[in-house]
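Trainee: The structure follows.
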Amino acid sequence: MILYDYILSASCYQVRLMAALLGQPLTTRAVNFHPAKEHKSPEMLKLNPKGTLPVLQDGDLVLTESAEILRYLTRDTPDWRGQDEVWLSFAAALNGSIGTARLHDILSYDADIDAVRRAGVQHLRQLEAHLVEQRFDGMIFLTGHTPTIADIACFPTTALAPDGGVSLDVYPSIRLWMRAIRSLPGFIEMPGIHRLHELEAAP
Amino acid sequence: MGRLDFARCALLECVLRERGAVDWIAVGLSVDVPAGTVVPRRVNDTDMAIWCSAAGKLHAWGDRCPHRGMRLSHGFVRGETLSCIYHGWQYGMDGTCSYIPAHPQLEPPKTICARSYACNEQDQMIWVALAPTQAKTPDAEGRRPVRSLEITLPVAKVAEGLGHPMSSLMVLGGVYDLAVALQPSTQHSCVLHAFAGADQERKQVSRHLEKMRAELESADA
């Protein structure tokens, strides 16, 4: 399985994280997304005419949608599937708001920065309100007691919100939810999302 | 905020301070800072790291490592110590540095010390005081905490919108028997920490609070 990957992409990290949590081996091919725009190169456009990342290739199969990739990786692990559909669309909405704010701030993308940040805050308030209710029922993940692809879809963009100038300090339930994900066995980091040092023995 | 409004706020704050009304400021529910975690909180434009040791002891420190100024709230809790994420300097219960990983043989001088603030837990809520105080932490009279919500309005506007004089804990009553504590964070925003009657259904209360916030924010828009 090959992932055409960009280290700073939240969507590519989502695929790397999912594979790591499942213990599935993944070969990554680094694509120079910025500044070289290699994802728009003739070779990449042949693989994915949309010219986007991530691209997952498994034999003859080529997948280019994040949600589709998460479903594909978990096709044999029903534990990782729940009432995920609404959260997969919510993840796309998060990408449009705080994800866009981040691309504006770190890669100089065009955006109405105030508008996307405002929309991002509304999304985070929705996420917080849902997680507050989950915690009242003794659950820390989006759809239950255990994580599913819903959590993995929403986690990266949310955790990277500060890169786009949107603070996470005022969302206690989102913080504890992120902590629960970062505590999962097999969790991997990306720039901007570090592991929990306290889970390891003091060096 | 206009200059006059700002002056009025500052004046109000002085008056309140003299009356001792805002000695204790709620900064979050105990359940939101479980043992072994650290969180950032902004209290009246002061950045704090609130952390809970493995044994469950709560601390409110200035959110700044004395070494390089990194935010301690980015750090991590091991046992009864808080470590800075940057170079791993480790601080003990009294705020003094107890270990510097790059100099394992060195006993750090006692002058390397995080700034600490008074911090109390009452009614499963965490309270801090920016200045030393003799006042008691507010009593929620049997209510239980529900949740915290950020409101993008200055604290005085929220108190005004709630139609209640500002105090550490404002009893609003009503169907859910609400009591709220306002944490001034910046000059433009605050955090509302809510208690409700012990037998109230918390999901209903949480949804009610969401509505309350929407009304407060839209009334000011």
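The values are calculated or read from the model by the stated rules, or taken from the named source; none is laboratory data. Computed from a prediction, not measured in an experiment: that's the story for all the values here. For neighbour counting, all protein chains shown are included, and Cβ atoms are generated from backbone atoms with ideal geometry for every residue, glycine included. Quick note on the areas: whole protein, heavy atoms, side chains included, nothing else; ligands and nucleic acids left out. Shrake-Rupley method; radii C 1.70, N 1.55, O 1.52, S 1.80 Å.
Trainee: Please specify each residue of segment B:23-53 satisfying the condition of being assigned to a loop (DSSP other than H, G, I, E, B), within 9 Å of chain A (Cβ to nearest Cβ) and free of Cβ contacts under 8 Å to residues at least 60 places away in the same chain.
Mentor: Scanning segment B:23-53 gives B:PRO34, B:GLY36.
Trainee: Out of A:ASP84, A:ASP58, A:ASP105, A:ASP76, I need the residue that is open to solvent by less than 20 Å² (accessible area, probe 1.4 Å) and charged (D, E, K, R). Which one?
Mentor: That would be A:ASP84, the only listed residue that is open to solvent by less than 20 Å² (accessible area, probe 1.4 Å) and charged (D, E, K, R).
Trainee: Of the conditions (1) outside any loop (DSSP other than H, G, I, E, B); (2) free of Cβ contacts under 8 Å to residues at least 40 places away in the same chain, B:ASP199 clears all except one; give me its number.
Mentor: (1)
Trainee: What is the one condition in (1) in contact (Cβ under 8 Å) with a residue 60 or more places away in the chain; (2) assigned by TED's automatic domain parsing to the domain that holds A:GLY144; (3) buried (at least 20 other Cβ atoms within 10 Å of the Cβ) that A:LEU70 does not satisfy?
Mentor: So A:LEU70 meets the others, but not (2).
Trainee: Here are the criteria: (1) open to solvent by 60 Å² or more (accessible area, probe 1.4 Å); (2) touching a helix residue (DSSP H, G or I) at 6+ places or on another chain (Cβ under 7 Å). Tell me which single one B:GLN134 does not satisfy.
Mentor: (2)
Trainee: Of the numbered conditions (1) of a type in the set (Ser, Thr, Tyr); (2) within 12 Å of the chain's Cα centre (by Cα); (3) open to solvent by 20 Å² or more (accessible area, probe 1.4 Å), A:TYR6 satisfies every one except a single condition; which is it?
Mentor: (2)
Trainee: I'd like the residue in segment A:170-187 that is over 13 Å from A:THR158 (Cβ atoms) and at the interface with chain B (Cβ under 7 Å from one of its Cβ atoms) and, out of all such residues, is least open to solvent (accessible area, probe 1.4 Å).
Mentor: Among those that are over 13 Å from A:THR158 (Cβ atoms) and at the interface with chain B (Cβ under 7 Å from one of its Cβ atoms), it is A:PRO172.
Trainee: Further question on the same structure: Can you find even one residue in segment A:51-67 that is charged (D, E, K, R), closer than 30 Å to A:HIS145 by Cβ and in the same structural domain as A:TYR13 (by TED's automatic domain parsing)?
Mentor: Checking segment A:51-67: at least one residue is charged (D, E, K, R), closer than 30 Å to A:HIS145 by Cβ and in the same structural domain as A:TYR13 (by TED's automatic domain parsing).
Trainee: Of the numbered conditions (1) more than 19 Å from the chain's Cα centre (by Cα); (2) modelled with pLDDT of 95 or more; (3) open to solvent by 20 Å² or more (accessible area, probe 1.4 Å), B:CYS119 satisfies every one except a single condition; which is it?
Mentor: Unmet condition: (1).
Trainee: Has segment A:108-118 got at least one residue that is within 14 Å of another protein chain (Cβ to nearest Cβ) and aliphatic (A, V, I, L, M)?
Mentor: No, because not a single residue in segment A:108-118 is within 14 Å of another protein chain (Cβ to nearest Cβ) and aliphatic (A, V, I, L, M).
Trainee: Test of understanding: among B:ILE126, B:ILE85, which residue is open to solvent by 10 Å² or more (accessible area, probe 1.4 Å) and within 13 Å of chain A (Cβ to nearest Cβ)?
Mentor: Just a single option satisfies the conditions, and that option is B:ILE85.
Trainee: When you go through (1) open to solvent by 10 Å² or more (accessible area, probe 1.4 Å); (2) away from chain B (no Cβ under 12 Å); (3) of a type in the set (S, T, N, Q) one by one for A:SER97, which number turns out not to apply?
Mentor: Evaluating A:SER97 over (1) open to solvent by 10 Å² or more (accessible area, probe 1.4 Å); (2) away from chain B (no Cβ under 12 Å); (3) of a type in the set (S, T, N, Q) leaves (1) as the failure.
Trainee: Okay, moving on. Do the conditions hold for B:CYS97, that is, is it in a strand (DSSP E or B) and either open to solvent by 10 Å² or more (accessible area, probe 1.4 Å) or within 14 Å of another protein chain (Cβ to nearest Cβ) (or both)?
Mentor: no
Trainee: A further question on this structure: Tell me which residues, restricted to segment B:170-193, are in a loop (DSSP other than H, G, I, E, B) and away from chain A (no Cβ under 11 Å).
Mentor: Listed by number, the residues that qualify are B:GLY174, B:VAL175, B:TYR176, B:ASP177, B:GLN187, B:HIS188.
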